[in-house]
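For reference, the structure discussed in these notes is given below.
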Amino acid sequence: MSTSNRLKAPLVLLLTLVLLCAGVAVLVGVFGLLVKLFGHA
């Protein structure tokens, strides 16, 4: 049990980091699309 608990913390941290990166990437992509759309208009 101790090993699984020891591995759980870094795994959760890694997952949160991945989710944060994905969210930032999506936000940047949407922002880029908006800038492109309004830049041409």
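The values are calculated or read from the model by the stated rules, or taken from the named source; none is laboratory data. Predicted model only: the values in this text are computed from it and were never measured. Ideal geometry is used to build each Cβ from the backbone, glycine not excepted, and the neighbour counts take in all protein chains shown.
Side notes on the structure shown:
- Selection status of GLY32, surrounded by 10 or more Cβ atoms within 10 Å (Cβ to Cβ), small (Gly, Ala, Ser) and assigned to a helix (DSSP H, G or I): yes
- Selection status of GLY39, small (Gly, Ala, Ser) and loosely packed, with under 10 Cβ neighbours inside 10 Å: yes
For every residue, the table says whether it meets (1) part of a helix (DSSP H, G or I); (2) at pLDDT below 95; (3) on the phi < 0 side of the Ramachandran plot; (4) among the small types (Gly, Ala, Ser).
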position: ARG6; (1), (2), (3), (4): yes, yes, yes, no
position: LEU17; (1), (2), (3), (4): yes, no, yes, no
position: ALA22; (1), (2), (3), (4): yes, no, yes, yes
position: ALA25; (1), (2), (3), (4): yes, no, yes, yes
